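J.: I have a structure here, written as structure tokens, and I will follow up with some questions on it.
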Amino acid sequence: MSRLAEVAQKLGVSEATVSRVLNEKPGVSEATRQSVLTALDVLGYERPTKLRGQRARLVGLVLPELQNPIFPAFAEVMAVLLAQRGFTPVLCTQTAGGVSESDYVDLLLEQQVSGIVFVGGLYAEAEAPHEHYLRLAQRRLPTVLINASIKNLGFPCVSCDDAVAMEQSMGYLLSLGHARIGVLIGPPDHEPSNRKLAAARVVAAKAGVTLDRDQIAHSHYSLEGAQASAMRLLEAGVSGIVCASDPMALGAIRAARRSGLDVPRDVSVVGFDDSALMTFTDPPLTTVRQPIEPMCRTAIELLVSEIAGTGLSHDELLFEPELVVRGSTAPPPAARTA
């Protein structure tokens with residue numbers, strides 16, 4: 001694919017439009033011109049010499065990691081949306097023992113970014129350090145958060161509705177005949193996990209089933225940590241496990257197999273995110289899909305409004321997820337033999 005074709009496809013414009021920008025021809029809006037120049041930067045192409053001095057505006061995208069495929073999915077959609085609006089995304093991802101979220105904020109402030117979008121950051125953890133968010137607020141730098149923050153930070157927030165997600169996943173297992181369901185979530189100070197747990201208690205109460213302490217397990221958001229926590233749920237005799245992420249669900253499936261159990265014949269597992277490749281796992285994973293594109297579109301619209309000084313609401317906006325049923329769920333053994 002030629003450079004013109006790739007840029008045009010990325011932005012959804014004609015190759016002729018891209019050519020007019022590169023050759024400084026009239027008939028192209030300023031917004032489209034900036035989008036084309038930004039797309040060149042994002043795709044790794046050099047700008048024409050005469051256009052190199054025209055720096056695009058920068059927006060920081062701060063993510064906790066790239067190993068969980070849900071975060072690159074968010075970043076990819078937002079990068080395209082930003083390019084279409086004439087902004088250059090600056091991707092910042094953390095690694096164990098590496099650059100911290102606070103360090104990235106300092107770096108982005110030095111780069112004089114126009115704004116920052118955080119995805120799954122420390123703002124969701126009550127006991128984590130939050131001083132760098134206060135610095136952003138004091139500087140009035142446009143900032144948007146994706147997925148449930150703790151109270152009183154004051155930034156616009158776009159979230160997947162955790163309560164609806166739990167209603168969908170637990171409700172589905174209950175409809176299959178599962179009466180003893182395990183809930184595998186993140187750390188106790190993690191706000192999205194707390195929302196999921198609160199919803200799980202409501203669903204269980206309405207269905208008249210138990211949700212005892214041994215049916216609840218906390219874990220870090222990793223396959224290995226989830227595997228260890230899922231082992232405790234299996235020892236407690238659950239026939240289904242609802243997980244707070246897809247990697248955690250894969251850890252639960254591994255725990256079941258290490259215990260000599262089959263998924264879904266002996267135990268059902270439900271994930272959360274519907275991240276890349278979940279259709280190709282063994283078995284394909286039943287999961288709750290986050291509506292990534294509308295969430296990203298709204299987050300970028302909020303950010304651009306904040307940058308333009310026209311932001312109106314800092315209320316949290318909730319988006320409804322969708323249950324995607326695949327091969328990791330089935331009726332429990334007792335229901336099949338009854």
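J.: Can you tally the net charge around Q9? Count Lys and Arg as +1, Asp and Glu as -1, for every other residue whose Cβ sits under 13 Å from the Cβ of Q9.
T.: Working: positive: R3, K10; negative: E6, E15.
Cβ neighbours under 13 Å give a net charge of 0.
J.: Okay, moving on. Over its Cα atoms, what ratio of radius of gyration to 2.2 N^0.38 Å does the range 109-164 give?
T.: On the way: Rg = 11.6 Å, N = 56, 2.2 N^0.38 = 10.2 Å.
So the range 109-164 has a normalised radius of gyration of 1.14.
J.: Can you name the helices of the chain, as whole DSSP H runs, whose Cα span along the helix axis is 20 Å or more and whose Kyte-Doolittle mean is not below -1.0?
T.: 70-84, 162-176, 191-207, 292-307
J.: Applying the Karplus parametrisation 6.51 cos²θ - 1.76 cosθ + 1.60 with θ = phi - 60° to the phi angles of the range 115-122, what ³J(HN,Hα) value in whole Hz is obtained for each residue in order, glycine and proline being reported as x?
T.: x, 9, 10, 9, 10, x, x, 5
J.: Computed over the Cα atoms of the chain, what is the convex hull's projected area averaged over all directions, in nm²?
T.: 19.2 nm²
J.: Now for a separate question. Mind computing the radius of gyration and Dmax over the alpha-carbon atoms of the range 66-201? Å is fine for both.
T.: 17.2, 56
J.: Give me the three principal axis extents of the range 156-244 from the C-alpha atoms, as integers in angstrom, largest value leading.
T.: 40, 29, 19
J.: Determine the calculated [θ] at 222 nm for the chain from helices alone, applying -39500 (n - 2.57) to every DSSP H run no shorter than 4 residues and normalising by the residue count; nearest 500 deg cm²/dmol.
T.: When only DSSP H runs of four or more count, the value is -13000 deg cm²/dmol.
J.: Still on this structure, I have one more. Please report Rg over Rh for the range 219-325, where both radii come from the alpha carbon positions and Rh follows the Kirkwood definition.
T.: Details: Rg = 17.7 Å, Rh = 15.4 Å.
When Rh is taken as the Kirkwood radius, the ratio is 1.15.
J.: Treating the beta-carbon of each Lys and Arg as +1 and of each Asp and Glu as -1, no other charges, what is the dipole magnitude of the chain about its Cα centre, to the nearest 20 debye?
T.: Numbers: 30 positive and 37 negative charges, 118 e Å.
It works out to roughly 560 debye.
Where a number appears in this text, it was derived from the coordinates with a stated rule and is not lab data. Predicted model, so just to flag it, every value in this text is computed and none were measured. All Cβ positions, glycine included, derive from the backbone under ideal geometry; neighbour counts span all protein chains shown.
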